[in-house]
Amino acid sequence: MQNPRYNQPRLKKWLRGKGFYVALAVCLLGAGLASWALIQNAVQSGDPQSQINQEVPSWDSSDTEVVEKPVTSQPKSSSAASNSQSTSSSQGQGSSSSSASAGQQSEPALQQTASNGVFVSPISGETINPFSDGKVIKDQTLGDWRTHNGIDIKAEAGAQVKACQNGKVTSVRDDDIWGTVVEIQFEGGATGIYKSLSQKVTVKEGQTLKSGDVIGTVAQSIPGESKLGTHLHFELKKDGAYVDPAAYFSK
């Protein structure tokens with residue numbers, strides 16, 4: 001049997017060599033066990049900080065834009081494509097034929113209106129600036145781009161201007177650009193707007209007129225179209241839209 005005193009120097013020597021690392025490992029193990037115990041306690045008690053750390057962040061929807069994913073169309077079979085082409089072709093032929101028939105029907109109606117003399121020209125003369133049909137054109141006087149909603153008929157200053165149809169005067173006013181303006185509500189529902197008139201008009205609001213009655217004379221010049229020379233600016237509205245007056249005058 002070995003003497004305990006004989007083993008003491010060896011134990012001291014071993015503790016001096018490796019005992020430090022054993023003590024360090026024991027300390028780390030103890031710290032780990034303590035941390036684990038604290039975490040378990042926090043989860044069970046519902047610690048707000050632990051819950052915040054477990055939340056997943058999300059983007060603010062106000063700073064993002066939802067874009068719908070485009071749908072990729074599937075290729076059609078050859079038979080389906082041929083059927084689609086034949087259907088669209090027949091529809092196109094039907095629509096073109098219906099448009100042609102509609103045009104053939106509207107044109108005689110317009111010619112019939114003109115030939116029956118329902119509208120007479122407000123003044124005799126050459127049209128020097130036609131109706132633009134909603135398209136913007138360069139204004140020679142004002143220098144800007146705008147639609148020309150009527151026609152300009154060349155005439156001498158002082159030439160008499162007539163009512164195009166039976167109707168009633170709805171407005172007589174002075175305009176800084178167009179001079180004196182007279183509006184007449186015709187029996188057929190259309191409205192004639194006479195601009196570039198002199199101030200010496202012969203009609204007043206509410207007055208009933210017959211086709212061909214004189215309503216005034218052409219002004220010497222107007223600010224809005226002074227570069228065109230003396231002329232009558234005439235507009236015609238049907239169903240609230242501007243139309244080409246020249247198409248409705250009797251020939």
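Key figures for this structure:
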| item | result |
| --- | --- |
| Accessible area of region 158-240 belonging to carbon and sulfur atoms, whole % at 1.4 Å probe | 43 percent |
| Highest average packing first - 156-164, 228-236, 132-140, Cβ atoms within 10 Å | 228-236, 156-164, 132-140 |
| Whole-angstrom Cα spans of region 118-186 along principal axes, big to small | 35, 26, 25 |
| Viscosity 0.890 mPa s, 25 °C: Kirkwood-radius Stokes-Einstein D of region 161-207 over Cα pairs, µm²/s | 229 µm²/s |
| Most to least packed among 144-155, 239-250 [average Cβ atoms within 10 Å] | 144-155, 239-250 |
| Region 147-229: mean projected area of Cα convex hull, nm² | 5.2 nm² |
| Cα convex hull volume per residue for region 113-251 (Å³) | 95 Å³ |
| Out-of-range pairs (alpha-carbon distance over 25 Å; input Lys138/Lys168; Lys135/Lys195; Lys154/Lys237; Lys168/Lys237) | Lys138/Lys168 |
| Cβ crowding within 10 Å averaged over residues, with 168-175, 182-189 ranked highest first | 182-189, 168-175 |
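The values are calculated or read from the model by the stated rules, or taken from the named source; none is laboratory data. All of these numbers come straight from a predicted model, not from anything done at the bench. Every residue, glycine as well, gets a Cβ built from its backbone with ideal geometry; the counts of neighbours run over all protein chains shown. Side chains included, ligands, DNA and RNA excluded: accessible areas come from the protein's heavy atoms. Shrake-Rupley method; radii C 1.70, N 1.55, O 1.52, S 1.80 Å.
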